[in-house]
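Notes for the one structure printed next.
The values are calculated or read from the model by the stated rules, or taken from the named source; none is laboratory data. Treat the numbers as computed from the prediction; the structure is a model and nothing was measured. Cβ sites come from the backbone with ideal geometry, for glycine too, and all protein chains shown count toward neighbours. Surface accessibility is based on the protein's heavy atoms, side chains included, excluding ligands, DNA and RNA. Shrake-Rupley method; radii C 1.70, N 1.55, O 1.52, S 1.80 Å.
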Amino acid sequence: MKSGLLGRKLGHSYSPQIHGFLGDYSYHLFEKEPEELEHFIKNGDFTGINVTIPYKKDVIPFLDELSPAAVKMGSVNTVVRRKDGTLFGHNTDYFGFVSLVHRSGIPVAGKKALVLGSGGTSNTAVKALEDLGAKVVIISRSGENNYGNLHLHQDASVIVNTTPVGMYPGTGRAALDLRCFPKLEGVLDVIYNPAKTQLLLDAEALGIPHENGLWMLVAQAKEAAEYFGGKPIDDSMIETVYRKMSVSMQNIILIGMPGCGKSTVASLLSQKLGRKAVDADEEIVKLAGKSIPAIFEEDGEEAFRALETQVLTELGKQSRLIIATGGGCVTKQRNYPLLHQNGSIFWLKRELELLPTDGRPLSQANRLQDLLEARQPLYEAFADYPIDNNGTCEDTVRDIISVLEGTP
């Protein structure tokens, strides 16, 4: 059986990895231009495909039958070539979104829900929310309800983002300010890269329940896989695959005092996990064209911190990296969302007498005890997990991997 994903520009898709967990079939990426679409649908070498933008509606005229869900949604994201050669179209996005709502635990029945965006995913969210009993208002750039009159909807309980605002690589942006909605009970964002868009970071900061779109992506793939394979898959597989994908996609970020072993641990993790390790200080040196002591001496610490934030902006929004940060990155709060948006942050704790100071301007200019006392509360605030690094680095690597394997 040969399956895959059809789209125009697919870039890096997580679908092959997800379907690799769900079924015993090959899964390929099919990038096609509009003029190639009809021939591919009718004659392409596939038994089942997923369809993504911009072709979810365009494929419909070439299909022989649509499922009730596809008719209801007016779009198709799953096509199956039957044994008799006929083409059957289905929509699994609806199932995926409903599953996401249930997963989030956010109450929607009887609640006012704002759906941001008016595209295909918006249509899915609107119909699913209405079926779940929500009172839905669509917010678009030029519609009756738009970003210029959001004050009319301050009573909203739920906000769902279906726009690309905040999606990689354009991270750090949100379509609206959540502080304008005092009755908000939950936020959903169908984006899954980064794991925490600015909208979700804002929700987290306000203590509002929130969820990204990865669960939806996995859930809709699970239903598609059932059609591809012709047999049911237990819903428990959604949780299993979601956890694996969460761990696989996230960055591993190491923070801690200068000389605590971040670079060494990053290198060992890279070897163990087959991921790329990046040293933020080395990236700063490349960017500045001179050594870190030279930056401090010639330009000052604030100039160094500005370069550091510039580097972390680029590294933090990527996926699957192991990032060894500089010891003082925690001194700038602006660095926290850059690191937190797509990764788990591990604080490597090491006794002061084991910390070297050579080539470290701040370690040489300050008593290490004073430096630690100033930074310890900052490390605690940034860190998801404190890790003891007073033993061997191999032990530290095992501890980090153990945390990752037990954490979604």
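So for segment 68-141, what percent of the C-alpha to C-alpha distances run longer than 20 Å?
Across segment 68-141, Cα pairs with separations above 20 Å total 37 percent.
Can you give the FRET efficiency for residue 21 and residue 282, using 1/(1 + (r/R0)^6), R0 = 35 Å, r = Cβ-Cβ distance, to the nearest 0.05?
0.50
Based on the alpha-carbon gyration tensor of the chain, what equivalent-ellipsoid semi-axes (square roots of 5 times the eigenvalues) come out, in whole Å, largest first?
Values for the chain, descending: 43, 25, 19 Å.
Of 42/83; 9/72; 42/127; 196/222; 262/349; 56/127, which sit over 20 Å apart, Cα to Cα?
Correct reply: 9/72; 42/127; 196/222.
Which value in nm describes the separation of the simple spin-label points at residue 130 and residue 333, placed 7 Å from the Cα toward the beta carbon?
Going from the residue 130 label point to the residue 333 one covers 4.3 nm.
How many nm separate the modelled label positions at residue 271 and residue 243, each set 7 Å beyond the Cα in the direction of the Cβ?
About 2.9 nm, to one decimal.
Taking N as the number of residues in segment 139-281, what is its Cα Rg relative to 2.2 N^0.38 Å?
This ratio for segment 139-281 stands at 1.34.
For segment 15-149, what relative contact order do you get, as a whole percent, if you take Cα pairs closer than 8 Å and at least 6 residues apart?
RCO, segment 15-149: 15 percent.
Near residue 129, within a Cβ-to-Cβ distance under 12 Å, what is the net charge of the other residues, with Lys and Arg +1 and Asp and Glu -1?
Here the count lands on +2.
Which whole-number percent is the relative contact order of the chain (Cα, under 8 Å, 6+ apart)?
Rounded, it is 12 percent for the chain.
As an exercise, use a Förster radius of 56 Å and the Cβ-Cβ distance of residue 82 and residue 385 to find the FRET efficiency, rounded to the nearest 0.05.
Step by step, r from the Cβ atoms, then E = 0.70.
Leaving out ligands and nucleic acids, and using a 1.4 Å probe, what accessible area per residue does segment 71-127 come to in Å²?
35
Under the Kirkwood approximation applied to all pairs of distinct alpha-carbon atoms, what is the hydrodynamic radius of segment 254-313 in Å?
The Cα-based Kirkwood calculation yields 12.5 Å.
So how much slack lies between residue 65 and residue 206, counting 0.36 nm per residue of separation and subtracting their Cα-Cα distance, in nm?
That pair, residue 65 and residue 206, stretches by 46.1 nm at full extension.
For the chain, find the longest principal axis of its Cα atoms and tell me its angle to the long axis of helix 301-316, 0 to 90°, nearest 10.
Compared with the principal axis, the helix lies near 30 degrees.
Roughly how far apart, in whole Å, are the Cα centres of segment 144-197 and segment 388-405?
37
Apply 1/(1 + (r/R0)^6) to the Cβ-Cβ distance of residue 294 and residue 72, taking R0 = 51 Å, and write down the FRET efficiency to the nearest 0.05.
0.20
Just the number, please: carbon plus sulfur as a percent of the accessible area of segment 173-289, 1.4 Å probe, no ligands or DNA/RNA counted.
Roughly 50 percent of what the probe reaches on segment 173-289 is carbon or sulfur.
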